[in-house]
1. Give the residues of segment 126-147 that are within 16 Å of the ligand (Cβ to nearest atom) and aliphatic (A, V, I, L, M), sorted by residue number.
2. Scan segment 148-161 and tell me whether some residue there is surrounded by fewer than 24 Cβ atoms within 10 Å (Cβ to Cβ) and within 14 Å of the ligand (Cβ to nearest atom).
3. Run down Ser137, Ser210 and say which single residue is among the hydroxyl-bearing types (Ser, Thr, Tyr) and crowded, with 24+ Cβ neighbours inside 10 Å.
4. Which condition from (1) outside any loop (DSSP other than H, G, I, E, B); (2) away from the ligand (no atom under 12 Å from the Cβ) is the one that Gly241 breaks?
5. Go through segment 170-183 and report how many residues are within 16 Å of the ligand (Cβ to nearest atom) and surrounded by fewer than 24 Cβ atoms within 10 Å (Cβ to Cβ).
6. For segment 186-232, give me each residue that is of a type outside the set (S, T, N, Q), more than 18 Å from Arg267 (Cβ to Cβ) and in a loop (DSSP other than H, G, I, E, B).
7. Given the criterion within 26 Å of Ser273 (Cβ to Cβ), among the hydroxyl-bearing types (Ser, Thr, Tyr) and outside the structural domain of Ala105 (by TED's automatic domain parsing), identify the matching residue among Ser201, Ser164.
8. Restricted to segment 201-238, and to residues that are closer than 18 Å to Phe176 by Cα and of a type in the set (Phe, Trp, Tyr), which residue is nearest to the ligand (Cβ to nearest atom)?
Amino acid sequence: MKRLVLAVLAAAAFQGAALADTVKIGVIGPFSGPFALQGKNFKAGIDAYMAMHGTAIGDDTVEIIYRDVPKADPAQSKALAQELVVKEGVQYLAGFYFTPDAMAAAPLLEQANVPMVIMNAATSAIVTKSPLVVRTSFTIWQTVTPTAQVAFEDGTRKIITVVSDYAPGHDAEKAFQAGFEKAGGTIVEQLRLPMATNDFSPIMQRIKDSGAEGLFVFLPSGPPTLGFVKAYNENGLNKAGIKFYAPGDLTQESDLPALGDAALGLRTTFHYSIAHDSSENTAFVAAARKAIGNPAELSFPSVGAFDGMHVIYKMIEATGGEADAQKAVDAVKGLSWASPRGPVSIDAESRHITQNIYLREVSKAEDGSYINKELRTFEKQGDPGLAAAK
Ligand code: PHB
């Protein structure tokens, strides 16, 4: 009898050990170089989620493996995604700050039997590159379509557009033009800047000379956005009455201390403000600030990462930790939850996040810090860019 009990216990222990697997998640992002702060925000969002929800899902334990792609570099992203799958045995790929990096890794997913959860990259077409892509960030079309509406409602009729010359910039140019022309406005000039542009003063002169009443701009958040808004202020475009229209990438909270009072009053449209007033956001901001260390460094990629982890946890739950990418993705189609940004859901058809887009204005909080204060809500926005991407 005693021997039998021991045998049963041993079998149970063995089975327990077999079931208690580690599920590895490979996260690709810029963790060094000029965009390192954006990658640091991925990590802060992931750490905040794991601090709040633990690292165990049933019998499985989650392990994160980070890989650094400092700038948009599709070849490096693809090579690292391959290495994560083949050598590290990751069951999920996540992160992806830059569109070209996500585009390059997406074709690997089906053969690898691995879902990809995009925590930032915002070109509409990415979700069409594989049925295993899910996105918890935003798209440029989603955030920029309301920008065009706001500009027209302001009474602005002539706009010059300025974008980074890569896929998200092209989406921004198209999305703004579509919305603004449909409303009855005119685009007087369109400028596309090389991604490596860091001197924006010459552009400011061209904007002044264009005869536009307002400027629409999209650049990837990081040193380019800080440099552009500084140049806009320092070259007196604000004072010259050239109105500023942009998605919230241009006024990310981590740039605001360096911009100072000159940025006060800049209005942008975006899916997330750190100042969003909800209990979910209060809890998230506390955990994410703790994770990042310096509270002034917190920015929007953290919320894409936090919600990305929510989706991955649901996928692991649904598959019992087994590698079944299609089952994992199917399990989150139509999933809805209360994000720190507001109510969100994963559209079952596009696998992209449906969410509110907010009009915000750079303001000073009571404690003297700079915030993106929400003024207006465009509710339950899907991705208007998908039709254009097909
Ligand atoms: C992108 O490459 O998709 C991207 C990067 C930074 C942003 C937005 C989009 O702020």
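1. Correct list: Ile126, Val127, Val133, Val134, Ile140, Val144.
2. no
3. Ser137
4. Of everything listed in (1) outside any loop (DSSP other than H, G, I, E, B); (2) away from the ligand (no atom under 12 Å from the Cβ), Gly241 misses just condition (1).
5. Here the count works out to 3.
6. Residues satisfying the conditions are Pro194, Met195, Ala196, Asp199, Phe200, Gly211, Pro220, Gly222.
7. Exactly one of Ser201, Ser164 is within 26 Å of Ser273 (Cβ to Cβ), among the hydroxyl-bearing types (Ser, Thr, Tyr) and outside the structural domain of Ala105 (by TED's automatic domain parsing), namely Ser164.
8. Per the criteria, the residue is Phe218.
The values are calculated or read from the model by the stated rules, or taken from the named source; none is laboratory data. Here the structure is a predicted model, which means the values were calculated and not measured. Note that we place each Cβ from the backbone using ideal geometry, even for glycine, and neighbour counts take in every protein chain shown.
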